[in-house]
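Report on the structure given below.
The values are calculated or read from the model by the stated rules, or taken from the named source; none is laboratory data. From a predicted model like this one, the values you see are computed outputs, not experimental measurements. A quick note on method: Cβ atoms are made from the backbone with ideal geometry, for glycine too, and the neighbour counts reach across all protein chains shown.
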Amino acid sequence: MAKNGKEQANSYSEKDIQVLSGLEHVRKRPAMYIGDVSSRGLHHLVYEVVDNSIDEALGGFCDKIHLVINKDNSVSVEDNGRGIPTGMHPTEKKSALEVVMTQLNAGGKFTRDTYKVSGGLHGVGVSVVNALSEWLEVEVCREGSKFFQKYFRGKAKSPVKETGKVKNKTGTKVTFLADKEIFKAITYKYETIEDRLRELAYLNKDLTIIIKDERSEKANEFKFKGGLTDFVKYLDEDEKSISGKPIFIEGEKDNIKIEIAFQYNESYNDNIYTYVNNINTIEGGTHLEGFKSALTRTLNNYGIKNGIIKSDKITLTGDDFREGLTCVISVKVPEPQFEGQTKTKLGNSEVKGIVQSVTGEQLGNFLEENPGVSKKIIEKCLRAAEAREAARKARELTRKKTGLEGMSGLPGKLADCSISDPAQTELYLVEGDSAGGSAKQGRDRRFQAILPLKGKILNVEKARINKILENDEIKAIITAIGAGIGNSDEFDSDKVRYGKVILMCDADVDGSHIRTLLLTFFYRHMREIIDTGKLYIAQPPLYKIKKGKTELYAYDDDEREEILKSMKIDKKKVVTVEDENTVNVVTETKAVISRFKGLGEMNPEQLWSTTMNPETRTVLQVTNENAAAADKIFRILMGEEVEPRRKFIEQHAKYANIDA
Ligand code: 0RA
């Protein structure tokens, strides 16, 4: 990104800042501004500060952003932009810098004369970060001087100070320590921030972003000359491309900028990531609609015209044209409207037509100019259509067969609940018939349904849709949920029969494998269940500690130690008795510490009170914070290639990017 904005920059005047209201409200109701005060909200503070620098880069005033996670979990973000104005604010009688940092919305109302596009969804302003920080320091280099100010819980302790002179240097550096009075914990996860910065570097080509973690010495530097094209190559680095290098499409109309890169690989998944002003629009929207419709129409027309598709023999659907597609769509919209359950769906109707016409025209040209690649792509789509047709026939066949589905059309193994309002109901997918039996007896049958699953379900990462639909366990899951399968087109959210789908697996290696297989299935074929926050993981206890009549459960090792201490149990063991389900350690003080190997050990009442009773249980919600990163992990862990998996497991002791 070139620093070409120096001239216009001077036209700015400090009076352009509008003043709205104080920051007390932010501290009182932080969730209203940053979503929540969990780890997710904490990381949003970082993104908010980074977004301000990204805006500077989008205007062409900055080409480098440097982020450091310091040892004390404070975070520094430095850019080489114009620097926040430091002159006197005409009505507030203090430095514009102080106004930006301490007054809600002042930053947003700045006429920054940049193409302000990032933020939007979370663009609450850096003053919100200040309000939620124990302390925050800002350093600005501007007009040959260095300026400094420090704040405590959002309040300046002294006016902006000039601390020295600088030569040919401009920029802003913000360092903040999140407030422990507000956040449950203030420990950042390096990988989470790294994933977001990598994504931002791909979306903003030529921008250098550096990250360093002083706690661990982890570090990385991102700069991508190819932008979205590099992004698609990165997403597909473990896949074989069938279309050579990614196809790139670019256009601008009515101040709306469009960039799209895509290619086809040999897998059966489609991966389309869409962004509006650098924000991942997980729920899609008009930009995605425009692209899909142009892709289907353009490929279909070309295929028929060139005799590759025989339209009298087979009809291809939109899904067929997206099998094996990896695509990144990035649009910049001056006034985006966000809709949908999680406000991540683009609503601006004018965008659809623009994306559609730009894609149609440029893809059409590409196909004409590259007949070899075009033929390969369309033949791949034809194979997808044939498989889909085979799957439909297989489905019809199984429907006619007896046994698999009961009279109600529901799977025979499902113990359904009596309430039918999805807002109240939950479906437990339980590993194994014996735990399934306990769960059926222990549950509250009014609102809890149980579907026991036998053994390992199919690894969907390695199978095409027709094979997936032949798998009994998967068929049972699909019919129990009742909304079909697939992304957007075929999946009908309104028909989902339960408000929560809860995976309940053993706390051992097999259990974790089955959980991963199930997560892969939902991620690839019922993504909406995840995106709408309906997927959960049950947390059965790992230990039971029994002394006399008292029985307590521990969900991890730390908790076990706490309980042992509180019950005054010495750990000196006398005997260890191991059976199929538990390891029992009897101690000198006649206490028994049992470690559960599986769910099966617990009787129905225990399972209810420890794991299923909504009043007392803990369930982890599965969220998808960074779709591109999650996709990569599923491919690595469950895909064909062995080498990337070996490397990944070597590098990551614990798997966690689908954040549970
Ligand atoms: C308001 C106006 C101007 C720049 C900025 C804000 C600005 C804010 C941040 C936050 C992080 N880095 C930043 N860099 C710049 C324009 C000032 C001018 O016209 O010179």
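If you go through the range 307-319 one residue at a time, do you hit one that is crowded, with 20+ Cβ neighbours inside 10 Å, within 25 Å of the chain's Cα centre (by Cα), modelled with pLDDT under 95 and of a type in the set (D, E, K, R)? Yes.
When LYS590 is tested against (1) touching a residue at least 24 places away in the same chain (Cβ under 8 Å); (2) at negative phi; (3) exposed (fewer than 12 other Cβ atoms within 10 Å of the Cβ), only condition (2) is not met.
Of the helices (runs of 4 or more DSSP H) entirely within the range 1-69, those holding at least 1 residues that are modelled with pLDDT of 90 or more and within 16 Å of the ligand (Cβ to nearest atom) occupy 39-58.
Those helices (runs of 4 or more DSSP H) of the range 496-580 in which 3 or more residues are surrounded by fewer than 20 Cβ atoms within 10 Å (Cβ to Cβ) occupy 509-525, 557-566.
Look at (1) farther than 23 Å from LEU197 by Cα; (2) within 21 Å of the chain's Cα centre (by Cα) and you find that ILE256 fails only one, number (2). Screening ILE377, ILE354 for residues that are at pLDDT 95 or above and more than 30 Å from GLU625 (Cβ to Cβ) leaves exactly one candidate, ILE377. Each residue in the range 240-266 was checked for being at pLDDT below 90 and either crowded, with 22+ Cβ neighbours inside 10 Å or not small (Gly, Ala, Ser) (or both), and 0 of them qualify. Could you tell me whether the range 168-184 includes any residue that is on the phi > 0 side of the Ramachandran plot and not charged (D, E, K, R)? Yes: the range 168-184 contains one or more residues that are on the phi > 0 side of the Ramachandran plot and not charged (D, E, K, R). For the range 71-91, the condition of being away from the ligand (no atom under 14 Å from the Cβ), modelled with pLDDT under 90 and either closer than 15 Å to GLY125 by Cα or crowded, with 17+ Cβ neighbours inside 10 Å (or both) holds for none of the residues.
Restricting LEU382, LEU427 to residues that are closer than 30 Å to LEU295 by Cα, modelled with pLDDT of 90 or more and of a type outside the set (Lys, Arg) narrows the list to LEU382. Taking residues in the range 442-453 that are among the small types (Gly, Ala, Ser), and partners anywhere that are part of a loop (DSSP other than H, G, I, E, B) and buried (at least 19 other Cβ atoms within 10 Å of the Cβ), the pairs with Cβ atoms closer than 6 Å and at least 6 places apart or on different chains are ALA449/ASP416; ALA449/CYS417. Filtering ILE182, ILE242, ILE256, ILE247 for residues that are under 30 Å from MET101 (Cβ atoms) and among the β-branched types (Val, Ile, Thr) leaves a single hit, ILE182. Just one of GLY171, GLY154, GLY164 is more than 20 Å from the chain's Cα centre (by Cα) and within 30 Å of VAL328 (Cβ to Cβ); which is it? The match here is GLY171. ILE593: of a type in the set (Val, Ile, Thr) and in contact with a strand residue (DSSP E or B) (Cβ under 6 Å, 6 or more places away or on another chain), yes or no? It is true that ILE593 is of a type in the set (Val, Ile, Thr) and in contact with a strand residue (DSSP E or B) (Cβ under 6 Å, 6 or more places away or on another chain). Among the residues examined, SER267 qualifies as in a loop (DSSP other than H, G, I, E, B) and of a type in the set (Ser, Thr, Tyr).
Pairing each residue of the range 28-39 that is surrounded by fewer than 17 Cβ atoms within 10 Å (Cβ to Cβ) with any residue that is at pLDDT 90 or above, provided the two are 6+ apart or on different chains, yields C-beta distances under 7 Å for ALA31/VAL37; GLY35/GLY41; GLY35/HIS44. The set of residues from the range 415-473 being part of a helix (DSSP H, G or I) and farther than 28 Å from MET638 by Cα comprises GLY437, SER438, ALA439, LYS440, GLN441, GLY442. Only a single item in (1) surrounded by 22 or more Cβ atoms within 10 Å (Cβ to Cβ); (2) more than 9 Å from the ligand (Cβ to nearest atom) is not met by LYS94, and it is number (1).
The strands (runs of 3 or more DSSP E) found wholly in the range 117-210 and carrying at least 2 residues that are surrounded by 20 or more Cβ atoms within 10 Å (Cβ to Cβ) and more than 13 Å from the ligand (Cβ to nearest atom) occupy 145-152. For GLY227, work out the one condition from (1) at positive phi; (2) within 23 Å of the chain's Cα centre (by Cα); (3) surrounded by fewer than 19 Cβ atoms within 10 Å (Cβ to Cβ) it doesn't fulfil. Every condition holds for GLY227 apart from (3). Would you please list the contacts, defined by Cβ atoms under 6 Å and residues six or more apart or on different chains, that run from a residue in the range 157-183 that is within 13 Å of SER74 (Cα to Cα) to a residue that is among the β-branched types (Val, Ile, Thr) and assigned to a strand (DSSP E or B)? From the range 157-183, the pairs are VAL174/VAL77; VAL174/VAL138.
Residues are listed down the side, and each one gets a yes or a no for (1) modelled with pLDDT of 85 or more; (2) farther than 29 Å from THR516 by Cβ:
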{"site": "ILE563", "(1), (2)": "yes, yes"}
{"site": "LYS572", "(1), (2)": "no, yes"}
{"site": "VAL583", "(1), (2)": "no, no"}
{"site": "MET612", "(1), (2)": "yes, no"}
{"site": "THR618", "(1), (2)": "yes, no"}
{"site": "VAL622", "(1), (2)": "yes, no"}
